[in-house]
Amino acid sequence: MSVIEKISAIEKEISITQKNKATSYHLGQLKSRLSILRKQLLEPKGSSGPAVQGFEVRKNGDATIGFLGFPSVGKSTLLSNLAGVHSEVAAYEFTTLTTVPGMGRGRQVIAVARSCDLIFFVLDVLRPLNQKALLEKELDSFGIRLNKSPPNIYYKKKDKGGINLTATCTLTNLDLDMVKSVLGEYKIHNADVILRYDATVDDLIDVVEGNRVYLPAIYCLNKIDQISIEELDVIYKIPHCVPISAHHKWNYDDLLEKMWDYLSLVRVYTKPKGQLPDYEAPVVLKRGKCTIEHFCNRLHKSIMAQFKYALVWGSSVKHNPQKCGKEHILADEDVVQIVKKI
């Protein structure tokens, strides 16, 4: 039986198994086996078949955004409008030539998706739920978690002592026997596990696997020119969704604003002494790494050696301008002038 056949068999057994306390251990074991098989499918140890031509997406710029969606939903049009990248499109399916095709190359496409900083799901607004569910299931099955934080679980293997489980809250999904059952599928019999919240079996498996990727995702519901105002009002209330029309370029401002927020990027403008700020080419920093020191190092590594203080205008200071040291945390669209030692 091939790996794919084994995966299908386990998925079928999970779907027909009643979910209750009596079957919880069995389901935990099945999910562990399923995760191990999927890992083998994504990262095979060896292959005797013909070599498959690969591709790569070079990481450059401040962030990498992946566009995922079914044929003829507007991916290429949206990409062309936002990034100025030409992609051959037409009003029928399977005409995109310059984007990465996913048909028959699932492993490679998933590898590219894992390297992105943000995923744009481009969906047809007339049938979004079905498309959304299928795409999410595909990515989730290969360890890509969307709009989620990593599980707050401490896990460490050891040489002896058995399985030790410590919980800092009331548990309703896991107990010591369940943890032993899951770890046993990975041939792990000695480990310390600390649960800091009411975790599930899936959370524990994610931590044990250690190869999960947690990515923000925005669902671009395209072709809103084909729905009513009332339907549009309902769509606006769906989390992580932005209704757009790629063809008419409608609502791009909302999409770009949400994109910037989900990427956690901060724009900082430079101001040379005696000149106006340069609003055309901001220095882009990652939120959490946006101090004056990070800003200087992004400009040039040698600046900090001559750094005296910085003058800052913007929402991160109480008055404009304000003299700040290297530890000051910058906010989006701040303006900074560096003053060097004499």
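Throughout, read-outs are computed from the coordinates displayed, never taken from laboratory work. Computed from a predicted structure; not experimentally measured. As a convention, Cβ positions derive from the backbone with ideal geometry for all residues, glycine included, and neighbour counts pool all protein chains shown.
Under the definition of Cα pairs under 8 Å and six or more residues apart, what whole-number percent is the relative contact order of the chain? Each step should come with its number before you reach the end.
Working: 503 pairs, mean separation 45.4, N = 342.
Answer for the chain is 13 percent.
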Q) Check L68: other-chain or 5+ apart residues with amide H under 5 Å from its amide H, H built from backbone geometry? A) F120, F121, V122
Q) Relative to the Cα centre, what is the charge dipole magnitude of the range 265-340, using +1 at the beta carbon of each Lys and Arg, -1 at the beta carbon of each Asp and Glu, and rounding to the nearest 20 debye? A) 280
Q) What is the distance in Å between the Cα centres of the range 281-295 and the range 187-215? A) 33
Q. Within the range 242-319, how many Lys pairs sit with Cα atoms under 29 Å apart, leaving out pairs fewer than 8 places apart on the same chain?
A. 24
Q: Pop the C-beta distance of N20 and E231 into the FRET formula with R0 = 41 Å and round what comes out to the nearest 0.05.
A: 0.60
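Using only the Cα atoms of the range 265-340, build the gyration tensor, take square roots of its eigenvalues as a ≥ b ≥ c, and label the shape rounded, prolate or oblate: rounded if a/c is under 1.5, else prolate if a/b is larger than b/c, else oblate.
Here the range 265-340 falls in the rounded category.
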Q: Only bridges with both residues in the chain count here: give the DSSP antiparallel percent, nearest 5.
A: 50
**Q.** In order through the range 189-203: 3J(HN,Hα) via Karplus (6.51 cos²θ - 1.76 cosθ + 1.60), integer Hz, x for Gly, Pro
**A.** 10, 9, 6, 9, 10, 10, 9, 9, 7, 7, 6, 9, 4, 4, 5
Q. From the square roots a ≥ b ≥ c of the eigenvalues of the alpha-carbon gyration tensor of the chain, which class results: rounded (a/c under 1.5), prolate (a/b over b/c), or oblate?
A. oblate
Q | Dipole in debye (nearest 20) - the chain, about Cα centre, beta carbon charges: Lys, Arg +1; Asp, Glu -1 | A | 1460
(Q) Cut-off under 19 Å on the C-alpha distance; same-chain residues fewer than 8 positions from K156 excluded. Which lysines are left, in chain and number order? (A) K180, K187
Q: Only Cα pairs under 8 Å and at least 6 apart count here; give the relative contact order of the range 265-340 as a rounded whole percent.
A: 38
Q. Is it possible to state the helix-based mean residue ellipticity at 222 nm for the chain, with each DSSP H run of 4+ residues giving -39500 (n - 2.57), the sum divided by total residues, to the nearest 500 deg cm²/dmol? What is it?
A. -10000 deg cm²/dmol
(Q) On a full-extension model of 0.36 nm per residue, what is the gain between K340 and L276, subtracting their alpha-carbon distance, rounded to one decimal in nm? (A) 21.2 nm
